[in-house]
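The values are calculated or read from the model by the stated rules, or taken from the named source; none is laboratory data. Predicted model, so just to flag it, every value in this text is computed and none were measured. Heads up, the Cβs are rebuilt from the backbone with ideal geometry, glycines too, and the neighbour counts pull from every protein chain shown. Surface accessibility is based on the protein's heavy atoms, side chains included, excluding ligands, DNA and RNA. Shrake-Rupley method; radii C 1.70, N 1.55, O 1.52, S 1.80 Å.
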Amino acid sequence: MEALIPVINKLQDVFNTVGADIIQLPQIVVVGTQSSGKSSVLESLVGRDILPRGTGVVTRRPLILQLVHIDAEDRRKTNEENGIDGEEWGKFLHTKNKIYADFEDIRKEIEAETERITGNNKGISDEPIHLKIFSPHVVNLTLVDLPGITKVPVGDQPNDIEIQIRELILKYIANPNSIILAVTAANTDMATSEALKVAREVDPDGRRTLAVVTKLDLMDAGTDAMDVLMGRVIPVKLGIIGVVNRSQLDINQKKLVADSIRDEYAFLQKKYPSLANRNGTKYLARTLNRLLMHHIRDCLPELKTRINVLAAQYQSLLNGYGEPVEDKSATLLQLITKFAAEYCNTIEGTAKYIETAELCGGARICYIFHETFGRTLESVDPLGGLTTIDVLTAIRNATGPRPALFVPEVSFELLVKRQIKRLEEPSLRCVELVHEEMQRIIQHCSNYSTQELLRFPKLHDAIVEVVTSLLRRRLPVTNDMVHNLVSIELAYINTKHPDFADAIGLMNNNIDEQRRNRMKDLPPSVPRDKGAASSLQSASGVEQGDGGTGNWRGMFKKGEEGLPGDRTYPQLLPSVSPQRGHAVNLLDVPVPVSRKLSAREQRDCEVIERLIKSYFLIVRKNIQDSVPKAVMHFLVNHVKDCLQSELVGQLYKTALLNDLLIESEDMAQRRNEASDMLKALQKASQVIAEIRETHMW
C-alpha cells in the first residue's frame, strides 16, 4: 500500500514531461482563507521553511508539492551523481534537473517564478508550479497549495479577485480523485468556515473532505476547541484534526519546524490530553498518507481505463498525422491512388466514411436526377406560355391567303417545337447541379476520407486543381450533348410515334361523339343532311347573309354577335374608320377588339392544344430519361474512369515530388506532441500494470 503514492508521483512525472493535464490524478488540495495557517500546515508536513511569507495574497499560483520519502541508499546515490552534500533537496519542473539543496533558494525560486507569470502586483494565475521535495523525514504525499480565499481586493488587485480565486479553487477540488484539506483557524467560528462551505459545494456527502483546525494555542482564555475537534459543532466524515502553528515571532527568530512540532505535542498533552494522540502535525501527516493511499487504490481501476482510452485516441490521432515521409515517390502515388479510389467510392456509395447529416456523392446525384430534375420537368405545363391567340394566329398564318378546310399541320409543328424548347433550360440546370456536386465530393474526400492529404497542403491544392480542371473540361461537352438531345427532338416531329397515334385516335373518337351529340339536338323539322351541312358550314367559317359568304365584313359582324359559351378572341380592326374621299391604309397597326370565337375556331384551337399536350408529354418523358443517361456517360462516368490517370499524368513527376510533399508548418509539431503524449500514456499504463502484477491493489 505504501508504494501506491510513489506510483502516483511517477504518473505525475510522466505527464509533467509532456506538459499535459488530461489525467486527474489523486492529490490533496489545501483550501482555506487568507491567514488561516495553510502555509504553516504545509511547512510542518515538509519540515522546512519553503513558502513565501507576507501580508495579503502571498500564494498567487497553485503549488503542486510532491513529498518523496527517500532512504539512505537513494540519498547517497543522488549526492554522488550531483555533487551535493545533504539529506534533503528539492527540484522544480521548470528548472529541469537543477537540484536545490538550500531551502531558502527554493523559497526564492517560488517567489521569482510567481512574479514571472503574475507580475509584481497581487494578481493570480492558474498555471501551477511543480515542486518535488526529497527527504527521509517526510511521508509520501502529493499536495496542492492554492491562493487563500479573500473577499475584498487589496492594492492593485483586480476587482473580481474573489471570483478568480473561487474559480481556481473549484477547478482543483472538483476533481473527483482529489482529497480536500479544509483549513480553518480555531479562533474563528467553525460554522462560518469558508473552506468547509466551498468544499461542500463539490463534495456534499463529505466523503473526501478532511478538516484541519489551526492555531489551537490562540483561542481566548477560558475557551477550548474540544467540541469542534470532537465533531459536535460541524461533523466531518473523514475527521477533524487540530494543529498548533508557529507564530510570526517563531518564524522571525528562525525557529526550527522540528522544535515547533515538539512544542505542539507538549501543548496538546497539556490542553487536550484525551485527544493528543489524534491531533498534531505528525498525526495529520500519517492520516493524509493513509487517506491518500486508500483513495489511490480506489481510483486506480478507473484511472487505468481512462489512460487506455486516451492512449487509443492519441494512437488514432497519430495515425491520422502519418509517419514522416521516407519514400516520396511511393507516398505520392499512394496518396493519389487513395484519393481517386475514395472519390469513386463516394460516387458509388461504398466510401468508408458515410455522411449522415446530408446526402452526398452518388446519393445526391440520384436525388438530382429523380427528384429535383424530375419534379422540375413535371412542373412544366405543356401549354405554358401559350395562349389561345397564339394558337389561332399560328393556324391562320399557316393557311396563307386561302381559308383552310382542315387544321394545318405546320401550325402544330411550330407550336409544339416552341414548347419542347422550354425543356432545354431545366436539362442544362440538371447538368450544372451534378457538376456542383462532383465538385463538393472533392472537399468531402479531403475532410473525411483522406485526412493525410491535409499534411501536404500543396499536394491537396494540386489535386483539387486537377479534378476541378477535369470537371471543367467535361462540362461544355455534357452541355452540348444535352443541348443536342433537345435539338434531336426538335429536328423531327414524329407524328407516327405509337403513343402519339393512340392519342390522336382517342381524340378523333371524342370528336365523333361530340358530332353525334349535336345531331341528336337538332329539331325534328330540320333534315339530318341539312343540319350536318349547316354544322359543316359553321365549322368551315362560311356565313350566310350580310352580302355573301365568307367575306371578312360578314365575319366581323357575325363575330360581334357571338355565340353563347364560345371563347372570346380579340379581333383586329383598322385603327381609323374610312371616310368618304379618303383611302384606307390596310397596313396600319390593328387595334384588338374582343369577340367570341366561332365554333370552328374554338374546335381548331382545342385540337391543336390536345395534340401539343400529347406530343409534349412524349418528348418530356424522353428527355427525363435521356438527360440523366447523358450526364452519367459524358460527365460522371468519364471523370470516374479518367481521374486516376489524370492525377498520375499531371502530378506524378519527379520535378514535383519535393514541392508537393512539403508538410504544413504545424503538422510536424502536432505529430511530435501526439507521439510524446502517446508514449507518456503507454508508460503510465505500464506503471499501473506493474502494480497489478505485484498484487498491490
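Residues in the range 348-373 that are open to solvent by less than 70 Å² (accessible area, probe 1.4 Å) and either on the phi > 0 side of the Ramachandran plot or at pLDDT below 90 (or both): GLY349, ALA351, GLU355, CYS360, GLY361, GLY362, ALA363.
Looking across ALA341, ALA285, one residue alone is surrounded by 17 or more Cβ atoms within 10 Å (Cβ to Cβ) and closer than 30 Å to GLY206 by Cβ. It is ALA285.
Taking residues in the range 212-226 that are charged (D, E, K, R), and partners anywhere that are part of a strand (DSSP E or B) and open to solvent by less than 40 Å² (accessible area, probe 1.4 Å), the pairs with Cβ atoms closer than 7 Å and at least 6 places apart or on different chains are LYS215/ALA185.
The one condition from (1) closer than 25 Å to VAL41 by Cα; (2) in contact (Cβ under 8 Å) with a residue 60 or more places away in the chain; (3) exposed (fewer than 15 other Cβ atoms within 10 Å of the Cβ) that GLY320 does not meet is (1).
Restricting attention to helices (runs of 4 or more DSSP H) lying wholly within the range 33-141, give those where 1 or more residues are β-branched (Val, Ile, Thr) and over 25 Å from ARG290 (Cβ atoms).
Helices (runs of 4 or more DSSP H) meeting the threshold: 72-82, 103-118.
Test of understanding: among GLU609, GLU646, which residue is of a type in the set (Asp, Glu), open to solvent by less than 50 Å² (accessible area, probe 1.4 Å), within 30 Å of ASN494 (Cβ to Cβ) and assigned to a helix (DSSP H, G or I)? Please lay out each step first, then the result.
Values: GLU646 fails: within 30 Å of ASN494 (Cβ to Cβ).
Going through GLU609, GLU646 in turn, the sole match is GLU609.
Here is the figure for the range 222-236: residues that are on the phi > 0 side of the Ramachandran plot and at pLDDT 85 or above total 1.
This table checks each residue for (1) touching a Phe, Trp or Tyr at 6+ places or on another chain (Cβ under 6 Å); (2) open to solvent by 50 Å² or more (accessible area, probe 1.4 Å); (3) under 19 Å from LEU42 (Cβ atoms); (4) not polar (S, T, N, Q).
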site	(1), (2), (3), (4)
ILE173	no, no, yes, yes
ASN177	no, no, no, no
ASN187	no, yes, no, no
LYS197	no, yes, no, yes
GLY206	no, no, no, yes
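Note on the range 653-697: among residues that are hydroxyl-bearing (Ser, Thr, Tyr) and open to solvent by less than 90 Å² (accessible area, probe 1.4 Å), the one that is modelled with the lowest pLDDT is THR694. Within the range 233-246, the only residue that satisfies the criterion of being open to solvent by 50 Å² or more (accessible area, probe 1.4 Å) and over 21 Å from SER274 (Cβ atoms) is LYS237.
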